[in-house]
Amino acid sequence: MTRKDRTEGILNRLEVLDSSEREQFYRIQLKDMLKYAYRYSEEVKKRFDRAQFNVNKFNDLSDIKHIPILKKKELIFLQSMGPRLGGLLTKDLGKMRRVFLSPGPIFDPEDRVNDYWGWTEGFYAAGFRSGDVVQNCFNYHLNPAGLMFEEPLRNLECAVVPSGPGSTNTQLEIMQKLRITGYVGTASYLKHLGQKAEDMGLDLRKDLFLEVAFVTAEKIPENVRNSLEKKFDIIMRQGYGTADVGCIGYECYHKNGLHLANKSFVEICHPDTGIPLKDGEIGEVVVTAFNKTYPLIRLATGDLSYIDRSPCPCGRTSPRLGGIIGRVDTTARIKGLFVYPHQMEQVISGFEEIKRWQLEVTNPGGIDEVTLYIESTEFHRHDDLQHSFREKIKIRPEIQVLEPGSLPAQIKEIEDKRSYD
Ligand SMILES: [Zn+2]
């Protein structure tokens, strides 16, 4: 069977606007959304008034810097402050199509509009085409990932097997029997599937039929990507986004950074002051999605990156993020999930025999591994602790019990020792 061309073309004219058209597009979208949000979202009104930001005087893109940054931790707090997710929504919750829950905990509403999460152009850029049969290995339960990544596949007229994560043998059986051409999931899970298939004596290129993969939710070292692409004989491209705003950026065939999606305005800001930085300078990714239903304005993602405006051979003119370089605070993104120290404290407070603790994250072979060091004279509740971690934080650390006094006097609660070269 001949393969489809997955390397050329664009989906949307917005991907190739020249710089003045793009600036005008951002200005119109922002002005329209900010005015609407001020009028219909109680929380946005309060926020603008407090900052003495006059929405009618918004004329230039740089005017946005007068609106204070919205931190993810504030969002958790705001959402608990009454109806319409604390006044953030511009319509009633019952008007939504779905409401998800992601770690934080943060609720993520989804309105009844086409391409709500904005991933369709990114999936096209990654190489998905009409007629693909795609296995979606993201979770469909509570978390938005599964359904969020099904939306672009539906729009591109691909068939989807909503397999979710887990049951590796079944996944491989489906891949063979249905001749699956597309994979959507984490790179670590694809790596795991590949290892399992090879253990079973399968040839990844002959017994499986994968041609394209979309991966996200974790940082992938380039050598891991290259080896997976070679092993499966696939094109594997990454996307970047959050459960709050959906797609922020995506790679094209030329994999030289993340083209910014056309559904939001992205700034790179100083992590402490919120002041926008120049192209090429490293700072926090701050996103304003053109979303009138749930206007998260200048949402700080906590991720560090920089803007690259050099031309891309794919023809897309959208600026690119030069990859995600790290996290701003101690909050770590482990296996695609944000892990906050305060959540860990809550879990560990149920175990009074633990005196001190530290979570260490490493990535041998490109896969996140988590070790929880605890200081305790007597600890016999390994299973309970594992269970609480899995239930509340969705990670499964390896537990190492240490003698009291073993950890250094000054410790970071989450020690990130991952490297990405
Ligand atoms: Zn490109």
Problem - Distance in nm between pseudo-label sites at residue 169 and residue 92 (7 Å out along the Cβ direction from Cα) - result: 5.0 nm
Completion exercise
Unit-weight point scatterers at every alpha-carbon of region 171-273, Debye formula, q = 0.10, 0.25 1/Å: log10 I(q)/I(0) is -0.34, -1.38
Problem - Fraction of beta bridges assigned by DSSP in the chain that are antiparallel (%, nearest 5) - result: 60 percent
Problem - Across 73/196; 35/335; 191/292; 191/417; 45/263, pairs whose alpha-carbon gap is larger than 32 Å - result: 73/196; 35/335; 191/292
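Give me the number: length gained by fully extending residue 206 to residue 192, i.e. 0.36 nm times residue separation minus the C-alpha to C-alpha distance, one decimal in nm.
Numbers: separation 14, 0.36 × 14 = 5.04 nm, distance 1.79 nm.
3.2 nm is the gain from fully extending residue 206 to residue 192.
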Problem - Accessible area in square angstrom per residue, the chain, 1.4 angstrom probe - result: 46 Å²
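Quick one: length gained pulling residue 278 to residue 222 fully straight, 0.36 nm per residue minus the C-alpha distance? Working shown, then result.
Working: separation 56, 0.36 × 56 = 20.16 nm, distance 2.65 nm.
Result for the pair: 17.5 nm of gain on full extension.
Rank-order 268-278, 106-116, 92-102 by packing density, defined as the average count of other C-beta atoms within 10 Å over each peptide's residues, highest first. Can you show the working numbers first?
Numbers: 268-278: 15.3, 106-116: 17.0, 92-102: 13.5.
Packing order, densest peptide first, comes out as 106-116, 268-278, 92-102.
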Fill in the blank from the handout: Restricted to region 334-416, the DSSP antiparallel beta bridge percent, nearest 5, is 50 percent
Handout entry: Rounded D (µm²/s) - region 94-249, Kirkwood Rh over Cα pairs, Stokes-Einstein at 10 °C, 1.306 mPa s
Key = 100 µm²/s
Fill in the blank from the handout: Cα pairs beyond 22 Å in region 193-351, in percent, come to 52 percent
Practice task
Might you report the magnitude of the Cβ-based charge dipole of the chain about its Cα centre, with Lys and Arg at +1 and Asp and Glu at -1, to the nearest 20 debye?
Solution key: 1280 debye
Fill in the blank from the handout: Once amide hydrogens are built 1.01 Å from N within the peptide plane, the residues lying 5 or more places from residue 334 or on another chain with amide H under 5 Å from its amide H are 339
Fill in the blank from the handout: For residue 396 and residue 342, extending 7 Å from Cα along the Cα-Cβ vector and measuring point to point gives, in nm, a value of 2.9 nm
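Which value, in debye to the nearest 20, describes the size of the charge dipole of region 334-416 about its Cα centre when Lys and Arg Cβ atoms bear +1, Asp and Glu Cβ atoms bear -1, and nothing else is charged?
With Lys and Arg at +1 and Asp and Glu at -1, about 260 debye.
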Exercise for the section: Working with all protein chains in place, sort 254, 141 by solvent-accessible area computed with a 1.4 Å probe, largest first. Expected result: 141, 254
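Please give the contour-minus-distance gain from residue 32 to residue 115: 0.36 nm per residue of separation, less the Cα-Cα distance, rounded to one decimal in nm. All intermediate terms of the calculation are to be shown ahead of the outcome.
Values: separation 83, 0.36 × 83 = 29.88 nm, distance 1.92 nm.
Gain on extension, residue 32 to residue 115, equals 28.0 nm.
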Practice task
List the pair-distance distribution P(r) of region 298-421, using every Cα-Cα distance, as the percent of pairs falling in each 10 Å bin from 0 up to the bin containing the longest distance, rounded to whole percents.
Solution key: 11, 37, 28, 13, 7, 3, 0
Fill in the blank from the handout: Heads up, region 1-144 by the C-alpha gyration tensor (a ≥ b ≥ c square roots of eigenvalues; a/c under 1.5 rounded, else a/b over b/c prolate, else oblate) looks oblate
Exercise for the section: Quick one: give the max-minus-min coordinate of the C-alpha atoms of the chain along each principal axis, largest first, in Å. Expected result: 62, 60, 42
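Ignoring ligands, DNA and RNA, what percent of the accessible area of the chain is carbon or sulfur (1.4 Å)? Don't skip to the end; give the middle numbers.
Details: 9600 of 19310 Å².
After summing per-atom areas, the C and S share lands at 50 percent.
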Fill in the blank from the handout: For residue 91, counting only aspartates and glutamates whose alpha-carbon sits under 13 Å away and dropping same-chain residues fewer than eight positions off, the answer is 42, 43, 110, 111
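The values are calculated or read from the model by the stated rules, or taken from the named source; none is laboratory data. Here the structure is a predicted model, which means the values were calculated and not measured. For neighbour counting, all protein chains shown are included, and Cβ atoms are generated from backbone atoms with ideal geometry for every residue, glycine included. Note: accessible area is taken over every heavy atom of the protein model, side chains too, but ligands, DNA and RNA are not part of it. Shrake-Rupley method; radii C 1.70, N 1.55, O 1.52, S 1.80 Å.
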